[in-house]
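Structure first, commentary second.
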Protein chains: 2
Amino acid sequence: MTQTPLSSSDKTRAALIAAGLHLFSQHGYAGASTRAIAGRAETNVASIAYHFGSKEGLRTACAEEVARLISEAVGKAGPQPVGPSQARAAIKSTLTRVAGFVLGGMAPPDAIGFMLRELAEEGPSVDLVYARMIEPTHRRLCVLWAVATGLAEESEQVRLAVFALMGQLFYFRIAEGIVRRRMGWRAYGPGEIAKIIDTLTRGIESALSGG
Amino acid sequence: MTQTPLSSSDKTRAALIAAGLHLFSQHGYAGASTRAIAGRAETNVASIAYHFGSKEGLRTACAEEVARLISEAVGKAGPQPVGPSQARAAIKSTLTRVAGFVLGGMAPPDAIGFMLRELAEEGPSVDLVYARMIEPTHRRLCVLWAVATGLAEESEQVRLAVFALMGQLFYFRIAEGIVRRRMGWRAYGPGEIAKIIDTLTRGIESALSGG
DNA sequence: TTGCATTTCAAACAACCGTTTGAAGAATTG
DNA sequence: CAATTCTTCAAACGGTTGTTTGAAATGCAA
C-alpha cells in the first residue's frame, strides 16, 4: 500500500473521473457536457483536454477506473473447490460479494451505471470492461457451477446458466427504480439488499439441487 | 381490424417514431440529434416540431408506441388458473411469448432498447411504461407464481422471485453483445433464443418444484 | 530569490444543437 | 375549377457543444 501524497494534478484528475462517472451514468455520454463535468469537479473546462486529451479520453479513463474498482471488489479467484458442496458455497459467497458491490453503496454507485451505459451504447470502453472484468468473472463462475452440477465446464448449458444468474443480479440494479416502486421500498438499504440476495440464493439452491 | 389507408402525415409520423426509437435507443436521448432523426426518416427537421411539438414530444410518442407494441405482444390475461400445474404452464407460455418479443425480431429491436434507455435516464416516459406495461405484467405473473407455489400473491418473496425471473430475460437482451461474444454466437437466431428460453424454463422448473 | 515546468483559467473558436419562420408544395373541399 | 387547409422544405435564429489559445497562477529545483 504505497500511499503517495496526491499532487494537485492527481486530485483534479480524480475529481474529473468521479464527475465523469456520475454524469455519464446519469445522462449518457452525449448528454453530459464537458462544462457540466468540469463544474462538478470544481475545475475549468480546459482541464479535461489538458489531462485526458479530449472528452473521449475522459471516457476511457472512467472505464479504466471502473474496471479497477470492480476487479478490486470481486477479488481474485479462490482455491479450486474440491467438491460440489464447496463449489456451491463458493458461488454463494461470490454472489453475496458481487451483490453488495452492485446493489449497495460499497462503490461509487456511478460505476455500475457507467458500465451499463457503455454496454447500451456499445461504446469504446466495452471491450476493456469485457476483457478485464466480465469474461474472467463469468469464466470463474462457470468453473464453480460445473463442479457443483457435474456438467462440463464450458458447456452451453453452464455458460447460459451463469449468465442467467448474473442477469438477475444486474437487473435489480438496472431496474432499481421499478423494483423500488413495486416493492414500496424507499431505497436499497442493507435489509432490502439482504432480501434480494436471499431471493437469488434461493434460486441457486433449487437450480443446483433440483433436476 | 379497420385498415384506414395511411395519409402522408401518418406515414411521416410513423417514420419519425421508428427513426426516433432507433436513434434514441442507440445513442440516448441527448445523443440523437433532430437532424439525424429526420434524415433517417427521410423528411425535414421541421417535421418533428410540426408533428410532435418538440423533440421531447417525439420522445413521449415513442414511449407510447413502445407501450402499445408491448402490450399487444404480451397480450391480455388468460383465464384464472385453477391449480399449480396450470399456473406453471401459464408462466412458461407467458415467458416464451415475452422472450420471443424481447429477444427476437418480433418487434422493432429498438423498442426494448428505447425502454431500457428511458429506464436508465429516469426519463419522463418511465411512468408511462411502468403503469401501462411493467406493473400489470408483473402483477399478473405474481398471481401465477403464487398459485404455482402456494405462497401469498403479494408476498415479498413472490414479487422478488418474479423480478428475478424477468431480470434474467431482460439481461439477455441488455447484454446481448457480451452474451454473443462469450457464447460465440453471431446473432440471436431462433436456435439461440430457444436455448435461452430453455435455460430460463429450467430455472423456473427447479424453482417451482424444489424447496 | 530566480528560472523553469506544470497546472489552471477566462475567453474565443467553429460546429452543431433544437426550434422558428415564411414560402412552396400537396391534398382536400365546395 | 378556385379556395382552403394540411404538410413539407430550405434557411436562419440564438444557444450550447467540444476544443483551442495564450496568459496568469502555482509548484519546485537551484
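The values are calculated or read from the model by the stated rules, or taken from the named source; none is laboratory data. The shown structure was predicted, so the numbers you read here are calculated from the model rather than taken from an experiment. Note that we place each Cβ from the backbone using ideal geometry, even for glycine, and neighbour counts take in every protein chain shown. Accessible surface is based on the protein model in full, side chains and every heavy atom, while ligands, DNA and RNA are left aside. Shrake-Rupley method; radii C 1.70, N 1.55, O 1.52, S 1.80 Å.
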Practice item. Please say if the protein assembly as shown is rounded, prolate or oblate, where rounded means a/c under 1.5 for a ≥ b ≥ c the square roots of the C-alpha gyration tensor eigenvalues, and otherwise the choice is prolate for a/b larger than b/c and oblate otherwise? Key: oblate
Point to revise | For region A:154-168, Karplus couplings with θ = phi - 60° (6.51, -1.76, 1.60), whole Hz, Gly/Pro x | key: 10, 5, 4, 4, 5, 4, 5, 5, 5, 4, 4, 5, 5, x, 4
Review point. In 5 Å bins starting at 0, how do the alpha-carbon pair distances of region A:58-99 split up by percent?
Key: 5, 20, 21, 17, 13, 10, 7, 5, 2, 0
Practice item. Just report the Cα centroid separation between region A:65-83 and region B:118-152, whole Å. Key: 34
Review point. Tell me, what % of the accessible area of the protein assembly as shown is carbon and sulfur with a 1.4 angstrom probe?
Key: 54
Revision key, fill the gap. Here the FRET efficiency for residue A:186 versus residue A:97, based on Cβ atoms and R0 = 30 Å and rounded to 0.05, is 0.75
Study note, to complete from the structure: Comparing B:133, B:183, B:166 in a Gaussian network model of chain B (Cα, 10 Å), the one with the largest mean-square fluctuation is B:183
Review point. So what J values fall out for region B:25-31 if you push phi through Karplus, 6.51 cos²θ - 1.76 cosθ + 1.60 with θ = phi - 60°, rounded to Hz, Gly and Pro as x?
Key: 6, 8, 10, x, 5, 5, x
Point to revise | Hz values of 3J(HN,Hα) by residue in region B:139-152 - Karplus curve (6.51, -1.76, 1.60), Gly and Pro given as x | key: 4, 5, 5, 4, 4, 4, 4, 5, 5, 5, 9, x, 7, 5
Check your understanding: For region A:123-211, what is one quarter of the convex hull surface built on the Cα atoms, given in nm²?
Key -> 7.3
Review point. In Å, the Kirkwood hydrodynamic radius of region A:44-200 over pairs of distinct alpha carbons?
Key: 17.1
Revision key, fill the gap. Buried accessible area between A and B, both sides, 1.4 Å probe, in Å² rounded to 100, is 4300
Exercise for review: DSSP loop (so not H, G, I, E, B), at most 14 other Cβ within 10 Å: list which trypsin sites (Lys or Arg not before Pro) in region B:143-211 pass both filters.
Suggested key: B:186
Review point. Averaged per residue, what accessible area in Å² does region B:73-211 show with a 1.4 Å probe, protein chains only?
Key: 41
Check your understanding: How big, on average over all directions, is the shadow cast by the Cα convex hull of region A:8-63, in nm²?
Key -> 3.1
Revision key, fill the gap. Extend 7 Å from the Cα of residue B:82 along its Cα-to-C-beta direction; within region B:123-157, residues with backbone N under 15 Å of that point are none
Practice item. Could you name the lysines whose alpha carbon sits less than 20 Å from that of residue B:195, not counting residues in the same chain fewer than 8 places away? Key: B:92
Point to revise | residue A:10 accessible area, 1.4 Å probe, all protein chains in place, Å² to nearest 10 | key: 70
Review point. Mean 1/r over all different Cα pairs, inverted: what Kirkwood radius does region B:1-128 give, in Å?
Key: 16.1
Study note, to complete from the structure: Low-density loop GluC sites (Glu not before Pro), region A:1-97, at most 14 other Cβ within 10 Å, DSSP non-H/G/I/E/B, are A:42
Revision key, fill the gap. Relative to chain A, whose Cα atoms define the longest principal axis, helix A:109-121 and its Cα axis are tilted in degrees, nearest 10, by 90
Point to revise | C-alpha long axis of helix A:190-209 to longest principal axis of chain A, angle in ° | key: 40
Review point. On a 0 to 90 degree scale, rounded to 10, what angle separates helix B:55-74 from the longest Cα axis of chain B?
Key: 30
**Study point:** Neighbour cut-off at most 12 other Cβ (10 Å), DSSP loop, trypsin sites (Lys or Arg not before Pro), region A:1-83
**Key:** A:76
